[in-house]
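Just so you know, all these numbers are worked out from the coordinates, no wet-lab data involved. Because the structure is predicted, anything quoted here is derived from the model rather than measured. Glycine gets a Cβ as well: all are built from the backbone with ideal geometry, and neighbour counts include every protein chain shown.
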Protein chains: 2
Amino acid sequence: MRTGRTVQRKGKKKGIFDVVGLGYTALDYLGIVPHLPERDRKLELKRFLIQGGGPTATAMVTVRRLGLSSAYIGKVGDDGFGKRMIEELAAEGVDTAGVLVEPGADSQFAFIMVDETTADRTILWTRGSVSGIRADEVDTHLITSARALLIDDLEPEAAAVAARTARGKGIPVLIDAGSLRSGVRELLPLCDYIVASEVFAAQIAGGIDVSEALERLYSFGPKAVVVTRGRAGCVAFDGTDTIEAEGFTVEAVDTTGAGDVFHGAFLFAVLQGWNLYEMCVFANAVAALKCRRLGGRAGIPDITEALVFLEERVPRLSFDCTDGDA
Amino acid sequence: MRTGRTVQRKGKKKGIFDVVGLGYTALDYLGIVPHLPERDRKLELKRFLIQGGGPTATAMVTVRRLGLSSAYIGKVGDDGFGKRMIEELAAEGVDTAGVLVEPGADSQFAFIMVDETTADRTILWTRGSVSGIRADEVDTHLITSARALLIDDLEPEAAAVAARTARGKGIPVLIDAGSLRSGVRELLPLCDYIVASEVFAAQIAGGIDVSEALERLYSFGPKAVVVTRGRAGCVAFDGTDTIEAEGFTVEAVDTTGAGDVFHGAFLFAVLQGWNLYEMCVFANAVAALKCRRLGGRAGIPDITEALVFLEERVPRLSFDCTDGDA
């Protein structure tokens with residue numbers, strides 16, 4: 001098992017990133033609760049924490065923690081929240097030159113109630129008054145510098161431009177499909193990997209039959225599709241085989257961002273050239289490890305920790321991190 | 001009806017305040033929701049607003065809006081939240097010289113889900129890491145400068161010192177009794193007015209019988225006790241008569257802080273020398289008017305607006321604002 005090489009790759013080529021992500025970010029306010037509050041009552045939080053979050057931004061932090069370089073493209077307001085989001089990404093080593101700051105806009109925010117017993121997270125969120133990233137605002141040079149692209153379902157106009165740009169250069173595109181919002185269906189034919197939530201799978205298949213959803217998603221033309229299932233892990237389909245990869249059990253404190261971390265880890269795995277099953281197992285492991293701490297990002301492991309965990313839990317599999325050595 | 005005089009009183013005597021409040025403040029993050037969120041799901045807020053809140057701090061804003069002078073004594077962290085809380089109070093004209101700023105502490109915070117249909121507010125709150133106000137931190141000179149004192153149930157140690165100090169000078173003390181926390185029962189014998197929530201009333205009486213609660217509260221020796229009942233108004237007892245004052249119906253957007261505003265308005269009424277029924281009706285009216293806007297403070301009326309509303313709704317009553325003219 002070689003773990004050091006990808007880490008050495010950091011920043012070797014200026015302006016060239018292993019992964020670029022275009023999508024949503026938010027400032028998360030997280031509180032641990034004994035239970036969800038009763039209507040019209042007051043409930044005291046047991047713990048409280050502020051941390052950057054959002055699907056694509058957290059995935060870019062994941063890529064970086066695992067030892068590859070990443071850049072985030074998004075839009076925030078010019079308020080304290082926006083400033084803090086950018087600072088936290090920069091502190092993680094995620095490139096933020098592509099972050100647009102909208103004058104006068106209130107940034108994206110989420111309040112997250114984390115169940116003390118189950119580690120479930122219940123999220124209340126707002127885009128604030130930040131506008132969507134317009135097609136003409138997308139830095140296509142940044143995207144063509146990447147070896148892989150992540151998009152999500154919250155910036156469909158810009159994501160379409162980014163995905164087409166990446167595809168034109170043969171750069172693999174992964175979509176984090178969380179909810180079937182307006183404009184998202186049109187993104188699916190532009191993607192090499194469709195990683196859908198169970199909610200999205202049910203929306204696209206018109207029901208909760210996962211096999212049906214996998215086939216429906218596969219009909220859009222990707223290399224592979226995945227449906228994530230929280231603690232249960234994920235199920236994937238490559239047009240021939242359906243692969244089930246069970247989730248890992250950890251001492252979970254907070255499941256916030258587990259899906260976002262899964263997407264970042266999955267893209268890391270794509271760049272290692274692993275097979276679909278290995279990608280799923282690896283992403284499940286990194287997502288599970290994240291859940292040990294409060295907040296979407298605090299618990300994200302580095303590559304060494306992830307590989308040690310995998311060696312312990314699935315010794316029969318070997319995860320060689322050869323990416324970047326060719 | 002004379003409405004101008006109390007307003008002219010503002011700031012006439014430097015360092016002397018009509019009302020001093022010692023207790024809790026918080027920064028409120030408010031979001032309008034179509035319903036409470038389902039467990040482990042995401043729900044997008046319909047509107048989002050940041051505004052200062054907290055029982056005693058909002059009551060002091062109320063006193064000020066109604067045209068009397070007020071000072072707030074509390075403790076916040078030396079973070080952005082604390083700074084914002086102080087700035088908002090100062091912008092309202094509430095004296096903040098008595099606010100303690102604790103180095104390194106995270107300030108009090110609340111996330112409030114406001115039901116779009118019912119205007120009910122469901123509150124998640126945290127003290128952050130701010131410590132309670134210690135007995136030796138209480139500025140007793142500020143308290144003896146006041147004509148009335150408000151305390152709440154969240155700073156019992158300091159509230160006891162403040163209440164004893166006020167009583168020693170014959171200054172009336174009102175307690176906002178929201179929940180029967182540790183140390184709160186000991187405050188009750190120090191108060192001239194006990195204004196209790198229905199929750200507190202049930203806790204003190206061991207059940208939901210309001211008459212029983214009124215008598216039990218009255219046994220602590222105040223001039224009068226009140227139990228507030230949200231939209232239904234309030235019920236009061238002066239040792240002889242039980243007085244019911246129905247709530248007023250308004251186009252309610254958000255009931256957050258209605259109780260806090262009630263306490264501020266009630267103390268304003270105490271200083272006018274009105275009878276108990278008039279105090280209750282006036283406080284009900286001011287609290288109802290508050291509910292027209294999102295946030296604990298945005299909708300608080302000035303005295304003119306309150307009196308116009310009362311003249312329209314209860315023309316048989318006359319509210320003369322003669323305070324300060326003696």
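Assorted remarks:
- With a 10 Å cut-off around each Cβ of B:31-37, the average count of Cβ atoms from other chains is 3.
- Among A:Leu45, A:Gly82, A:Gln108 - extreme Cα towards positive end, dipole of segment A:22-113, charges at beta-carbon: A:Leu45
- The alpha-carbon atoms of segment A:1-158 define a convex hull whose volume equals 141 cubic angstrom per residue.
- Comparing A:Val261, A:Gln272, A:Phe220 along the charge dipole axis of segment A:176-279, the residue lying farthest to the positive side is A:Phe220, per the Cβ-charge model.
- Around the Cα centre of the protein assembly as shown, unit charges on the Cβ atoms of Lys, Arg, Asp and Glu (plus for the first two, minus for the last two) sum to a dipole of about 1180 debye.
- Identity and axial distance of the chain B residue whose Cβ lies nearest the axis relating B to A, Å: B:Phe111, 2
- Given charges at beta-carbon only (K, R positive; D, E negative), |dipole| of chain B in Debye: 660 debye
- Most to least packed among A:289-296, A:165-172 [average Cβ atoms within 10 Å]: A:289-296, A:165-172
- Computed log₁₀ I(q)/I(0) - Debye formula, equal Cα scatterers, no solvent, segment B:236-306, q 0.12, 0.21, 0.24, 0.25 Å⁻¹: -0.30, -0.83, -1.02, -1.08
- Hydrodynamic radius of segment B:176-216 per Kirkwood, over alpha carbon pairs, in Å: 10.2 Å
- Position A:Thr118: other-copy label points at 2.1 nm, ordered by increasing distance, label point 7 Å along Cα→C-beta.
- Inter-chain shielding of A:107-118 (mean C-beta neighbours from other protein chains, 10 Å cut-off): 3
- Relative contact order, whole percent, for chain B stands at 19, derived from Cα pairs under 8 Å and 6 or more residues apart.
- For segment A:89-173, radius of gyration divided by Kirkwood radius, i.e. Rg to Rh on alpha-carbons: 1.05
- Cα extents of chain B along the three principal axes, largest first (Å): 56, 43, 43
- Pseudo-label separations to other copies for B:Glu251 - Cα-to-Cβ vector, 7 Å, nm: 5.5
- Estimated distance in nm for a label pair at A:Lys169 and B:Glu87, the labels positioned 7 Å out from Cα along Cα-to-Cβ: 4.1 nm
- Net charge of Cβ neighbours under 15 Å - reference A:Asp139; Lys, Arg +1; Asp, Glu -1: -1
- Longest to shortest principal axis, alpha-carbon extents of segment B:140-296, angstrom: 42, 34, 29
- Nearest-first distances (nm) between copies at A:Ser179, label 7 Å from Cα via Cβ: 3.0
- Rounded to the nearest 20, the Cβ-based charge dipole of segment B:179-255 about its Cα centre (Lys and Arg +1, Asp and Glu -1) stands at 300 debye.
- For the protein assembly as shown, the fraction of C-alpha pairs more than 48 angstrom apart is 28%.
- The length gained by stretching the chain between A:Ser318 and A:Asn275 to full extension, at 0.36 nm per residue less their Cα-Cα distance, is 14.3 nm.
- Partner chain coverage, peptide B:39-49 - average Cβ within 10 angstrom: 6
- Computed over segment A:82-232, the P(r) curve from all C-alpha pair distances, binned at 5 Å from the origin, holds 2, 9, 15, 18, 19, 18, 13, 6, 2, 0 percent per bin.
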